[in-house]
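Shown next, in structure tokens, is the structure this report addresses.
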Amino acid sequence: MYIAIDGPAGAGKSTIAKMLALNLGVNYLDTGAMYRAITLKIVRENISISDEKSLQDLLNNASIELVEPLGANQVLLDGEDVTEEIRDAEVNRWVSQVSRIKLIREAMVKKQRELAMKWGGAVMDGRDIGTCVLTDATFKFYLDASTEERTRRRWQELKDKGKELPWEEVYKTIVDRDNIDQNRSVSPLEVAPGAVVIDTTHLSIEEVMQKVTGYIKENG
Ligand code: DC
């Protein structure tokens, strides 16, 4: 079974996608982690994102592996475990810019499809799964939430990690990232035809899970 879960950051996608994968007994595939890993390599090697030749060389020499230990993804970049590092501020700063680039998207989408086929099923978490990566997915969901609520969740998540940032700064980062993701020319973030849209603003994780699993049961 292939399931696409798309939506903006902070809508609850990754938590739901991981729980759903465990629930259905299929693998979870975090496509954002792949964009983050290639971004980390670009940052580390100090490559200009407008230099196509260097980007192509980098892609040709990059190994990105997702290892699936029960409902989470360990990320290996050229054999090194970068699971934590891909969530760092420097990667956050660049990842949306990097994921606008056609060359990068084509390479990542190819890897994502190969992995999902190899696994023989997956719950895929991303921005373009229903519209591009798995247009034939068995089920497509699009999770959304208000910008304020997504800011609140992100602010709390950072606080829990010991980082207390001004609310306005977190809000601005979310708005900027949404703008880039929604307005890029290649596979922008949008609702896929046939996707079930769930607004999670006023819902708990359990309530969202009930909606998703309820829909799958009724329509499976
Ligand atoms: O879900 P995330 O925050 O880890 O994603 C990081 C970035 O990667 C996000 O800003 C947009 C990009 N991305 C994408 O363009 N397509 C995907 N399928 C997944 C993520």
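A search for C-beta distances below 8 Å between a residue of segment 84-97 that is at pLDDT 90 or above and any residue that is loosely packed, with under 13 Cβ neighbours inside 10 Å, counting only pairs 6+ apart in sequence or on different chains, returns 96/176. Got a number for residues in segment 1-19 being among the aliphatic types (A, V, I, L, M) and either buried (at least 23 other Cβ atoms within 10 Å of the Cβ) or within 9 Å of residue 124 (Cα to Cα) (or both)? Of the residues in that region, 6 qualify. Counting only helices (runs of 4 or more DSSP H) wholly contained in segment 1-74, the ones carrying 1 or more residues that are aromatic (Phe, Trp, Tyr) occupy 31-44.
Collect the residues in segment 30-54 that are basic (Lys, Arg) and touching a strand residue (DSSP E or B) at 6+ places or on another chain (Cβ under 8 Å), keeping them in residue-number order. Walk me through it before giving the result.
Initially, segment 30-54 is screened for residues basic (Lys, Arg), giving 36, 41, 44, 53.
Selection gives 36, 41.
Being within 14 Å of the ligand (Cβ to nearest atom), β-branched (Val, Ile, Thr) and closer than 18 Å to residue 115 by Cα is the filter; apply it to segment 28-70 and report the residue that is surrounded by the fewest Cβ atoms within 10 Å (Cβ to Cβ). Of everything passing the filter in segment 28-70, 64 is surrounded by the fewest Cβ atoms within 10 Å (Cβ to Cβ).
Return a yes/no flag: does segment 32-50 have any residue that is touching a residue at least 24 places away in the same chain (Cβ under 8 Å) and farther than 20 Å from residue 108 by Cβ. Working first, answer last.
So the first thing to find is which residues in segment 32-50 are touching a residue at least 24 places away in the same chain (Cβ under 8 Å), and the list is 32-43, 49.
Pick out the ones that are also farther than 20 Å from residue 108 by Cβ and you get none.
No, segment 32-50 has no match at all.
Going by the structure shown, is residue 23 on the phi < 0 side of the Ramachandran plot, at pLDDT below 95 and in contact with a strand residue (DSSP E or B) (Cβ under 6 Å, 6 or more places away or on another chain)? Against the criterion (on the phi < 0 side of the Ramachandran plot, at pLDDT below 95 and in contact with a strand residue (DSSP E or B) (Cβ under 6 Å, 6 or more places away or on another chain)), residue 23 does not qualify. Within segment 87-133, the residues that satisfy the criterion of being buried (at least 22 other Cβ atoms within 10 Å of the Cβ), among the hydrophobic types (A, V, I, L, M, F, W, C) and in contact with a strand residue (DSSP E or B) (Cβ under 7 Å, 6 or more places away or on another chain) are 116, 122, 123, 124, 129, 133.
Quick check: anything in segment 180-187 acidic (Asp, Glu) and modelled with pLDDT of 95 or more? Scanning segment 180-187, I find no residue that is acidic (Asp, Glu) and modelled with pLDDT of 95 or more, so the answer is no.
The values are calculated or read from the model by the stated rules, or taken from the named source; none is laboratory data. Computed from a prediction, not measured in an experiment: that's the story for all the values here. Neighbour counts are summed over all protein chains in view; Cβ atoms, including those assigned to glycine, are modelled from backbone coordinates with ideal geometry.
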